[in-house]
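For reference, the structure discussed in these notes is given below.
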Amino acid sequence: MFILKLIGFILLIIISYIAFVVVVPPLNFPRNIPTIPFYVVFLPVIFPIDQTELYDLYIRKSMEKYGAVKIFFGSRWNILVSRSEYLAQIFKDEDTFAKSGNQKKIPYSALAAYTGDNVISAHGKVWKDYRNAVTNGLQHFDDAPISKNAKTFCNLIKKRAQNGESSIQMGPLSQRLALDNISQVALGFDFATLTQDKNALHELLVHIKKQIFHPFFLTFPFLDLLPIPSRRKAFRDVASFRELLVKRVQDQLINNYKFEQTTFAASDLIRAHNNEVIDYRQLSDNIVIILVAGHENPQLLFNTSLYLLAKYSTEWQNSLRQEVESVTNSKALADLPLLNAFLFEAVRLYPPLSTIINRCTTKVCKLGADIVIPKDVYVGYNNFGTSHDPKNWGPTANDFKPERWGSDIETIRKNWRLAKNRCTVTGFHGGRRACLGEKLALTEMRITLAEMLRQLEWTLDPEWEEKLTPAGPLCPFNLKLKFKERVPS
Ligand code: HEM
């Protein structure tokens with residue numbers, strides 16, 4: 001009896017401790033910023049609420065008033081920031097707000113096993129070595145594969161429409177496009193998902209993504225420490241995928257007798273490995289991250305762009321179509337005012353990575369004038385909040401208004417640069433850690449959208465429920481579109 005009582009007492013203490021840790025932020029967290037109730041992050045798992053609705057209902061007011069809030073996410077309390085001045089400080093003071101990705105935050109998780117220690121999440125000298133290796137290949141690339149893939153993509157849609165598929169679910173199809181683009185432009189091999197119906201590497205990728213991005217295990221990553229058979233299998237599948245991917249890249253590049261002349265990001269990574277700047281694990285981690293960031297983020301922005309062009313078809317789809325029909329050269333697309341203003345507005349309105357929490361304080365520090373943050377606290381940024389804040393974007397902050405960027409291309413480009421420098425749009429981060437794939441992603445968008453506008457017309461499927469993703473990366477949820485082939489005039 002005594003033993004039972006003791007066990008009950010110990011269990012009660014453990015449960016109370018866990019409840020205390022989850023329900024209230026640590027006592028040394030700053031008191032002068034609000035706390036978002038701990039349950040908010042769990043709501044999308046229970047109710048059909050999307051992340052923009054969640055933001056409006058539970059976060060917006062506090063965030064806009066204080067610029068930073070305390071929020072429970074990923075099994076811990078964090079500080080989430082959206083005020084531009086604070087973001088500028090965080091992006092600048094890399095040594096205090098040090099990058100600390102999943103490999104450090106949740107090293108035992110399947111997610112960390114997937115992406116490892118890479119150029120996005122690393123810090124200090126290791127990051128510099130990675131960044132030196134991948135920069136050239138991601139900044140200077142051949143856009144010919146993107147144009148070719150855009151044509152294949154349009155043909156696939158036409159074929160489906162001819163086969164009677166009146167409504168097309170865009171996610172899986174745009175994933176195939178994005179995978180082929182990044183593999184051909186940056187990794188030196190062809191994933192070939194647009195041209196092959198059955199593709200082992202692609203099937204494995206789809207399979208592991210389902211396991212890694214399982215909402216339950218993303219919310220409670222510590223469960224990956226337990227011997228749950230399905231999770232052990234997830235780890236094995238991740239290892240097989242990584243091995244197969246790196247082998248494909250190495251085989252293709254090293255068997256290429258012109259390897260030394262190739263300038264893919266992957267070629268420079270292999271050279272860094274051959275020169276012993278990085279080890280085999282670091283080579284694999286960075287090849288994987290180029291594939292992951294290089295296909296997922298453009299895929300999200302692409303779906304968002306298709307959605308906005310369908311939603312505002314009379315005004316925007318038609319005027320962009322007229323504009324792109326005036327040029328034949330892919331490079332000239334970068335100079336078109338409407339197309340570029342449209343894309344910048346899409347990134348502002350729906351930043352694909354809406355919330356990122358991957359920095360950890362290395363010492364006690366002050367955010368702005370008076371928010372004192374202890375050492376070892378995770379600090380993240382809320383891109384959606386920043387670009388929807390009326391302080392930055394006025395009373396139309398929530399509206400889709402590409403014309404806000406200007407009417408001629410010089411003004412549009414200047415305003416885009418200013419928005420990034422002032423941290424009023426942080427969809428591509430900024431500063432020293434600015435996204436290395438922005439140019440590539442925007443090139444993909446321009447070329448593919450231009451090809452689609454020339455060949456197709458599309459509308460939202462009236463049966464599709466207009467919603468954004470419930471959590472994680474931001475884009476229309478399971479977007480479905482109806483296409484019509486254009487008759488050349
Ligand atoms: C619409 C598409 C894209 C968006 C919205 C986007 C967004 C971002 C953001 C927000 C970051 C900072 C992440 C953080 O704070 O930890 C980032 C970093 C990065 N992105 Fe992108 N990205 C896109 C496309 C790409 C593509 C196509 C690549 C190509 C591989 C790429 C490669 C990188 C790299 C290497 C970094 C790390 C830079 C560094 O820390 O030095 N991104 N991106």
Within the range 259-276, track down each residue that is in a loop (DSSP other than H, G, I, E, B) and either more than 16 Å from the ligand (Cβ to nearest atom) or buried (at least 20 other Cβ atoms within 10 Å of the Cβ) (or both). THR262, PHE264, ASN275, GLU276
What do you reckon, is GLU94 open to solvent by less than 20 Å² (accessible area, probe 1.4 Å), over 18 Å from the mean Cα position of the chain (by Cα) and of a type in the set (Asp, Glu)? yes
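Residues are listed down the side, and each one gets a yes or a no for (1) within 12 Å of the ligand (Cβ to nearest atom); (2) among the aromatic types (Phe, Trp, Tyr); (3) within 24 Å of ASN28 (Cβ to Cβ):
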{"residue": "SER75", "(1), (2), (3)": "no, no, yes"}
{"residue": "ASP95", "(1), (2), (3)": "no, no, yes"}
{"residue": "ASN132", "(1), (2), (3)": "yes, no, no"}
{"residue": "GLY137", "(1), (2), (3)": "yes, no, no"}
{"residue": "LYS148", "(1), (2), (3)": "no, no, no"}
{"residue": "ILE157", "(1), (2), (3)": "no, no, no"}
Against the definition (within 16 Å of the ligand (Cβ to nearest atom), touching an Asp or Glu at 6+ places or on another chain (Cβ under 7 Å) and among the hydrophobic types (A, V, I, L, M, F, W, C)), how does LEU343 come out, yes or no? no
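Results for (1) exposed (fewer than 13 other Cβ atoms within 10 Å of the Cβ); (2) in contact with a helix residue (DSSP H, G or I) (Cβ under 7 Å, 6 or more places away or on another chain), shown as yes or no for each residue.
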{"position": "HIS214", "(1), (2)": "no, no"}
{"position": "PHE217", "(1), (2)": "no, yes"}
{"position": "PRO229", "(1), (2)": "yes, no"}
{"position": "ASP237", "(1), (2)": "no, yes"}
{"position": "GLU243", "(1), (2)": "yes, no"}
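Need at least 3 residues that are open to solvent by 20 Å² or more (accessible area, probe 1.4 Å), within 16 Å of the ligand (Cβ to nearest atom) and modelled with pLDDT of 95 or more per element, so show me which helices (runs of 4 or more DSSP H) inside the range 355-463 make the cut, counting only ones lying wholly within it. Spell out the reasoning first.
Details: elements: 383-387, 390-393, 409-421, 438-455.
So the answer is 438-455.
Can SER305 be described as more than 30 Å from LEU449 (Cα to Cα), assigned to a helix (DSSP H, G or I) and either of a type in the set (Lys, Arg) or modelled with pLDDT of 95 or more (or both)?
Details: more than 30 Å from LEU449 (Cα to Cα): no; assigned to a helix (DSSP H, G or I): yes; either of a type in the set (Lys, Arg) or modelled with pLDDT of 95 or more (or both): yes.
No; evaluated as a whole, the condition is false for this residue.
Given ALA110, ALA144, ALA122, which one is closer than 30 Å to ILE357 by Cβ, more than 12 Å from the ligand (Cβ to nearest atom) and either at pLDDT 95 or above or buried (at least 22 other Cβ atoms within 10 Å of the Cβ) (or both)?
Working: ALA144 fails: closer than 30 Å to ILE357 by Cβ; ALA122 fails: more than 12 Å from the ligand (Cβ to nearest atom).
Just one listed residue meets the conditions, ALA110.
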Among the candidates THR135, THR115, single out the residue that is surrounded by fewer than 21 Cβ atoms within 10 Å (Cβ to Cβ) and out of contact with any Ser or Thr (no Cβ under 7 Å at 6 or more places or on another chain). THR135
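Residue-by-condition table, conditions (1) of a type in the set (Gly, Ala, Ser); (2) in a loop (DSSP other than H, G, I, E, B); (3) touching a Pro at 6+ places or on another chain (Cβ under 8 Å):
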site	(1), (2), (3)
GLU94	no, yes, no
LEU111	no, no, yes
ASP117	no, yes, no
ASN149	no, no, no
PHE153	no, no, no
LEU156	no, no, no
GLY164	yes, yes, no
ALA178	yes, no, yes
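The values are calculated or read from the model by the stated rules, or taken from the named source; none is laboratory data. Since the structure is predicted, the reported quantities are computational estimates derived from the model, not experimental observations. All Cβ positions, glycine included, derive from the backbone under ideal geometry; neighbour counts span all protein chains shown. Ligands, DNA and RNA are stripped out before the accessible areas are found, and what is left, the full protein with its side chains, is counted by its heavy atoms. Shrake-Rupley method; radii C 1.70, N 1.55, O 1.52, S 1.80 Å.
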